[in-house]
């Protein structure tokens, strides 16, 4: 794709660049859409939580920070993607390429690690409500720690990426692309180690998020099952209260008097006896689950579900990039030997992770009533 120019009668570097840029136009439009929507959506979240609400609650402490990091990641990733698509063979700035790679890795890492910290916070609240929780102090400490970790992980990108020449032997032209640096026609061992580190780090993150949210999901399912059973017992205890006995003893006494009872009356009496036994059992066991079912409120569960959706979208959208990064590391000519359609398709999958930075505000809008209420007020004003 980048090197085959046999179907052209004459070619200059500008024409070669414009031809490739034209092929990438659909992807450029998508990236511009990511950039506009991502900036507008995340700015709305930052405005609502930091200016409308003032000080977010402990439950929502990470939301405006995540929005700020997502917006920064969207600006760097989508913005540099647009420039790279418009100048696919004229990315001559080596320093610019390295800075784009550094900040791209930094913001993507911090954004993803924030999801892990949020998952830990929800995991402690839902699965261990009476254990040690994350205080505001430890939440701030975790923010500093993940920023330091993200910086350390992003520093090697300054050496791994750079402006690399691409040669067209047909027309004796040399273009410049921002990609992995190649030394003497081979990839440096440092790059391979760095890519392996990134791959292992992402996989570890995926596993940790999956384990925590599976555990959280199980606890929430148990909570709703208990709630459904309690609701069922409450409804059955209200069966014809004017005609039926109020206690199990009178229910039994009525049957022993030899009076005839309808099937409905017998069913309701039996149900109330079973409910009384179940209620006595629940009150006597004094277990953790029983107390927890009263402590876990609807808002907390809704907020947890919201973060579960955000994490699921992150895994789905970041997965293709991890796979393609692995493939391009193993195959030096992966991007330069494919057809036009393949290039657009694979580049779309490669940048799909930006959706994770764009879509979060819409998830808040659907699932966070507090955010919707404040945003509605701001729009009215």
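Of the conditions (1) in contact with a strand residue (DSSP E or B) (Cβ under 8 Å, 6 or more places away or on another chain); (2) closer than 26 Å to residue 309 by Cβ, residue 76 fails just one. Which one is it?
Of the numbered conditions (1) in contact with a strand residue (DSSP E or B) (Cβ under 8 Å, 6 or more places away or on another chain); (2) closer than 26 Å to residue 309 by Cβ, the odd one out for residue 76 is (1).
Has the range 70-86 got any residue that is more than 19 Å from residue 27 (Cβ to Cβ) and surrounded by 22 or more Cβ atoms within 10 Å (Cβ to Cβ)?
Within the range 70-86 (the criterion being more than 19 Å from residue 27 (Cβ to Cβ) and surrounded by 22 or more Cβ atoms within 10 Å (Cβ to Cβ)), the answer is yes, since at least one residue qualifies.
Would you mind finding the one in 209, 152, 146, 197 that is under 28 Å from residue 308 (Cα atoms) and surrounded by fewer than 12 Cβ atoms within 10 Å (Cβ to Cβ)?
From the options 209, 152, 146, 197, the qualifying one is 152.
Could you please find all residues in the range 123-155 being assigned to a loop (DSSP other than H, G, I, E, B) and modelled with pLDDT of 95 or more?
Listed by number, the list holds a single entry, 155.
Given 107, 91, which one is surrounded by 21 or more Cβ atoms within 10 Å (Cβ to Cβ) and touching a strand residue (DSSP E or B) at 6+ places or on another chain (Cβ under 8 Å)?
Checking each option against the conditions leaves just 91.
Being in the same structural domain as residue 176 (by TED's automatic domain parsing), assigned to a helix (DSSP H, G or I), touching a helix residue (DSSP H, G or I) at 6+ places or on another chain (Cβ under 7 Å) and within 30 Å of residue 176 (Cα to Cα) narrows it down to one of 22, 38, so name that one.
Residue meeting the stated conditions: 38.
Per-residue answers, yes or no, for (1) touching a residue at least 12 places away in the same chain (Cβ under 8 Å); (2) under 23 Å from the mean Cα position of the chain (by Cα); (3) over 15 Å from residue 111 (Cβ atoms):
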| residue | (1), (2), (3) |
| --- | --- |
| 18 | no, no, yes |
| 31 | yes, yes, yes |
| 41 | yes, yes, no |
| 53 | yes, no, yes |
| 70 | yes, yes, no |
| 76 | yes, yes, no |
| 87 | yes, no, yes |
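Can residue 360 be described as surrounded by 17 or more Cβ atoms within 10 Å (Cβ to Cβ), part of a helix (DSSP H, G or I), touching a helix residue (DSSP H, G or I) at 6+ places or on another chain (Cβ under 9 Å) and at pLDDT 85 or above?
no
This table checks each residue for (1) in contact with a strand residue (DSSP E or B) (Cβ under 7 Å, 6 or more places away or on another chain); (2) exposed (fewer than 13 other Cβ atoms within 10 Å of the Cβ); (3) modelled with pLDDT of 90 or more; (4) in the same structural domain as residue 177 (by TED's automatic domain parsing).
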{"site": "307", "(1), (2), (3), (4)": "no, no, no, yes"}
{"site": "316", "(1), (2), (3), (4)": "no, no, yes, yes"}
{"site": "326", "(1), (2), (3), (4)": "no, no, no, yes"}
{"site": "329", "(1), (2), (3), (4)": "no, no, no, yes"}
{"site": "333", "(1), (2), (3), (4)": "no, yes, no, yes"}
{"site": "339", "(1), (2), (3), (4)": "no, yes, no, yes"}
{"site": "343", "(1), (2), (3), (4)": "no, no, no, yes"}
{"site": "348", "(1), (2), (3), (4)": "no, no, yes, yes"}
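The values are calculated or read from the model by the stated rules, or taken from the named source; none is laboratory data. On a predicted model such as this, the values are computed, not experimentally measured, just so you know. Here the Cβ is made from the backbone with ideal geometry for all residues, glycine too, and neighbour counts use every protein chain on show.
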